[in-house]
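Asks: Here's a structure for you.
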Amino acid sequence: MPRRRSIRRELVVLAGWALRALFTGGRLAELGVIDEAALRATLARAADGLPVRLGRLDAVVGAEIWPRGRNSACGS
């Protein structure tokens with residue numbers, strides 16, 4: 001079991017890096033829709049295994065990714 005926990009922890013760390021990269025200079029922060037510092041704090045809490053509102057986090061991730069996908073599909 002220790003190896004499984006180690007792999008799980010590594011995945012959590014990698015996901016945290018990916019999410020921080022997604023929101024660093026992101027469009028929602030640029031538009032003033034989200035507080036980037038507050039979001040980073042929420043991501044840090046989640047990475048530490050503390051409770052966060054996953055539904056809200058999911059909505060923010062979707063809102064940040066959606067226009068990027070639309071721009072890619074349109075060739076911009």
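Nothing in this text is a laboratory measurement; each read-out follows from the coordinates by a stated rule. Note that the structure is a prediction, hence the values are computed from the model and not measured. Cβ placement follows ideal geometry from the backbone for every residue including glycine, while neighbour counts extend to all protein chains displayed.
Asks: Compute the length gained on full extension between ALA21 and ASP35: take 0.36 nm times their separation in residues and subtract their Cα-Cα distance, giving the result in nm to one decimal. Don't skip to the end; give the middle numbers.
Replies: Working: separation 14, 0.36 × 14 = 5.04 nm, distance 1.50 nm.
Length gained between ALA21 and ASP35: 3.5 nm.
Asks: Given a Förster distance of 30 Å, report the FRET efficiency between ARG56 and GLU10 from their Cβ-Cβ distance, rounded to the nearest 0.05.
Replies: Details: r = 26 Å, r/R0 = 0.85.
Plugging the Cβ-Cβ distance into 1/(1 + (r/R0)^6) gives 0.70.
Asks: What Kirkwood Rh does the range 2-73 have if only Cα atoms enter the pairwise 1/r average? Answer in Å. Walk me through the intermediate numbers first.
Replies: Numbers: mean 1/r = 0.0759 Å⁻¹.
13.2 Å is the Kirkwood radius here.
Asks: What do you get for trypsin sites (Lys or Arg not before Pro) in the range 1-67 restricted to DSSP loop and a cutoff of at most 14 other Cβ within 10 Å of the site's Cβ?
Replies: Details: sites: ARG3, ARG4, ARG5, ARG8, ARG9, ARG20, ARG27, ARG40, ARG45, ARG53, ARG56; in loops: ARG53.
The qualifying sites are ARG53.
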